[in-house]
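Reviewing the structure listed below.
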Amino acid sequence: MDAKPCIDSLTVKNSHVLPPDTNTHGTLFGGKLMAYIDDVAAIAAVRHCRKPVVTASTDSVDFLQPVFEGDTICLEAFVTWAHNTSMEVFVKATTENLLTGERKVCTTAFLSMVAVDENNDPTPVPPVYPETEEEQWLHDHAQKRHEHRKNRRKESKELAEKFGTSLPWLRNS
């Protein structure tokens, strides 16, 4: 498979933050922002590999700035790194006050997306290469983030096995 530049997967989504999108503080629901993040990451991943994808993991999402009703939210996503069947996608979300023009980065996130075939089995993806200094920085640190995700996934599996499906507080004494 031929390698592709990061820019080929660039995906941009803009949304106006309306009252149904907000909580009692008049700010965008965190879950709504996370749904936007997953959506743009999936589109970027499909653009890169031209295959269906599933979300394998989302790194921590830190809400750095509030997004207020009436603002816009702009999400930008692109594939920063590829490994066998998976892709790391970087997402940056920026809020803009339309009346003042003030813009702030409200969150950044990395997601791992896995390409799947018609049987939903993982399938190979093309490599990706950086062209800008920022893309190079993200690409250079991707292997470390990948290892961190593998360790976190192992811990998650251990927790799932330990706690299983039972509700420990309902056990008979």
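The values are calculated or read from the model by the stated rules, or taken from the named source; none is laboratory data. What you see is a predicted model, and the numbers here were worked out from it, not measured in a lab. Heads up, the Cβs are rebuilt from the backbone with ideal geometry, glycines too, and the neighbour counts pull from every protein chain shown.
Just the residues that are more than 21 Å from L111 (Cα to Cα), outside any helix (DSSP H, G or I) and either under 18 Å from the mean Cα position of the chain (by Cα) or modelled with pLDDT of 90 or more (or both), please, taken from the stretch 140-173.
Listed by number, the list is empty, since nothing qualifies.
Kindly indicate whether any position in the stretch 26-48 is closer than 25 Å to E96 by Cα, outside any helix (DSSP H, G or I) and either in contact with a Pro (Cβ under 7 Å, 6 or more places away or on another chain) or free of Cβ contacts under 8 Å to residues at least 24 places away in the same chain (or both). Steps first, answer last, please.
Taking the stretch 26-48 as the starting set, the residues that turn out to be closer than 25 Å to E96 by Cα are 26-44.
Then keep just the ones that are outside any helix (DSSP H, G or I); that gives 26-29.
Checking which are either in contact with a Pro (Cβ under 7 Å, 6 or more places away or on another chain) or free of Cβ contacts under 8 Å to residues at least 24 places away in the same chain (or both) leaves us with 27, 29.
Checked against the condition, which is being closer than 25 Å to E96 by Cα, outside any helix (DSSP H, G or I) and either in contact with a Pro (Cβ under 7 Å, 6 or more places away or on another chain) or free of Cβ contacts under 8 Å to residues at least 24 places away in the same chain (or both), the stretch 26-48 yields at least one hit.
Among the candidates T27, T22, which residue alone is polar (S, T, N, Q) and touching a Leu at 6+ places or on another chain (Cβ under 7 Å)?
On the way: T27 fails: touching a Leu at 6+ places or on another chain (Cβ under 7 Å).
Exactly one of T27, T22 is polar (S, T, N, Q) and touching a Leu at 6+ places or on another chain (Cβ under 7 Å), namely T22.
Scan the stretch 129-149 and give yes if some residue there is under 17 Å from A42 (Cα atoms), among the hydrophobic types (A, V, I, L, M, F, W, C) and surrounded by 12 or more Cβ atoms within 10 Å (Cβ to Cβ), otherwise no. Lay out the reasoning, then the answer.
Start the filter on the stretch 129-149 by keeping residues that are under 17 Å from A42 (Cα atoms), which leaves none.
No, every residue in the stretch 129-149 fails to be under 17 Å from A42 (Cα atoms), among the hydrophobic types (A, V, I, L, M, F, W, C) and surrounded by 12 or more Cβ atoms within 10 Å (Cβ to Cβ).
Here's the yes/no breakdown for (1) within 18 Å of the chain's Cα centre (by Cα); (2) within 18 Å of H139 (Cα to Cα); (3) of a type in the set (V, I, T):
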site	(1), (2), (3)
A56	yes, no, no
Q65	yes, no, no
E76	yes, yes, no
F90	yes, yes, no
N97	no, no, no
T100	no, no, yes
M113	yes, yes, no
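Do you know which residues across the stretch 50-72 are touching a helix residue (DSSP H, G or I) at 6+ places or on another chain (Cβ under 8 Å) and among the aromatic types (F, W, Y)?
F63
If you go through the stretch 49-64 one residue at a time, how many are surrounded by 15 or more Cβ atoms within 10 Å (Cβ to Cβ), modelled with pLDDT of 95 or more and not in a strand (DSSP E or B)?
So the count comes out to 3.
Being part of a strand (DSSP E or B) and touching a helix residue (DSSP H, G or I) at 6+ places or on another chain (Cβ under 9 Å) is the filter; apply it to the stretch 2-25 and report the residue that is surrounded by the fewest Cβ atoms within 10 Å (Cβ to Cβ). Steps first, please.
The first filter runs over the stretch 2-25 and keeps only residues part of a strand (DSSP E or B), leaving 4-5, 11-16, 22.
Checking the rest, the ones that are also touching a helix residue (DSSP H, G or I) at 6+ places or on another chain (Cβ under 9 Å) come to 4-5, 11-13, 15, 22.
Working: K4: 19, P5: 16, T11: 21, V12: 12, K13: 16, S15: 16, T22: 19.
Among those residues, the one meeting the criterion is V12.
Of all residues in the stretch 91-109, which are under 22 Å from R152 (Cα atoms) and surrounded by 24 or more Cβ atoms within 10 Å (Cβ to Cβ)? First the steps, then the outcome.
Taking the stretch 91-109 as the starting set, the residues that turn out to be under 22 Å from R152 (Cα atoms) are 91, 107-109.
Hit for the stretch 91-109 is V91, nothing else.
Could you go through the stretch 66-74 and let me know if any residue there is of a type in the set (D, E) and either touching a Gly at 6+ places or on another chain (Cβ under 8 Å) or not in a strand (DSSP E or B) (or both). Steps first, answer last, please.
Kept after step one, since they are of a type in the set (D, E), are these residues of the stretch 66-74: 69, 71.
Checking the rest, the ones that are also either touching a Gly at 6+ places or on another chain (Cβ under 8 Å) or not in a strand (DSSP E or B) (or both) come to 69, 71.
Yes, because at least one residue in the stretch 66-74 is of a type in the set (D, E) and either touching a Gly at 6+ places or on another chain (Cβ under 8 Å) or not in a strand (DSSP E or B) (or both).
When both residues are 6+ apart or on different chains and their Cβ atoms are under 6 Å apart, which pairs have a first residue that lies in the stretch 83-94 and is in a strand (DSSP E or B), and a second that is among the aromatic types (F, W, Y) and buried (at least 19 other Cβ atoms within 10 Å of the Cβ)?
Final answer for the pair search is E88/W81; E88/F110; F90/F110.
Each row is one residue, and each column tells you yes or no for (1) more than 23 Å from A35 (Cβ to Cβ); (2) touching a Leu at 6+ places or on another chain (Cβ under 7 Å).
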position	(1), (2)
T80	no, yes
N97	no, no
S112	no, no
E118	yes, no
V125	yes, no
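Restricting to the stretch 69-90, count the residues that are more than 20 Å from M113 (Cα to Cα) and either charged (D, E, K, R) or exposed (fewer than 15 other Cβ atoms within 10 Å of the Cβ) (or both). Spell out how you get there, then give the answer.
As a first pass, look at the stretch 69-90 and keep what is more than 20 Å from M113 (Cα to Cα): 69-74.
Applying the additional criterion that residues be either charged (D, E, K, R) or exposed (fewer than 15 other Cβ atoms within 10 Å of the Cβ) (or both) yields 69-71.
Number of matching residues: 3.
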